[in-house]
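Visitor: To start, I am sharing the structure in question, which I have written as structure tokens.
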Amino acid sequence: MIAHADFCVEPTVDALTERLDAALSGARPPTAPVEHSKGYDWDAIAEQAETAYRRAIDGTW
């Protein structure tokens with residue numbers, strides 16, 4: 001989860017559904033997402049996402 005950006009959620013169907021509903025309804029994060037994102041190591045985040053996708057595909061989630 002990325003601090004208070006509110007676009008990332010816990011990996012559950014309910015959490016994802018709630019966030020997508022809010023985003024599709026026009027909800028905005030409480031912080032400036034572009035400025036907030038500059039504080040993260042996006043290579044590390046990409047590796048974490050890849051690991052999560054591989055685990056989901058392999059059924060080891």
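Visitor: Pairs needed: first member in the stretch 41-61, hydrophobic (A, V, I, L, M, F, W, C); second member anywhere, open to solvent by 100 Å² or more (accessible area, probe 1.4 Å) and in a helix (DSSP H, G or I); C-beta distance under 8 Å; at least 6 residues apart or different chains.
Guide: Filtered contacts from the stretch 41-61: TRP61/ARG55.
Visitor: Just checking, how many residues over the stretch 11-26 are over 13 Å from the mean Cα position of the chain (by Cα) and open to solvent by less than 70 Å² (accessible area, probe 1.4 Å)?
Guide: The total comes to 2.
Visitor: Same structure, new question: For the stretch 27-61, what are the residues that are open to solvent by 100 Å² or more (accessible area, probe 1.4 Å), part of a loop (DSSP other than H, G, I, E, B) and over 22 Å from THR17 (Cα atoms)?
Guide: LYS38, the sole residue that qualifies.
The values are calculated or read from the model by the stated rules, or taken from the named source; none is laboratory data. As the structure is a prediction and not an experimental result, all values here were calculated from the model. FYI the Cβ positions are ideal-geometry reconstructions off the backbone, even for glycines, and counts take in every protein chain you see. Calculation scope for accessible area: heavy atoms of the full protein, side chains included, ligands and nucleic acids excluded. Shrake-Rupley method; radii C 1.70, N 1.55, O 1.52, S 1.80 Å.
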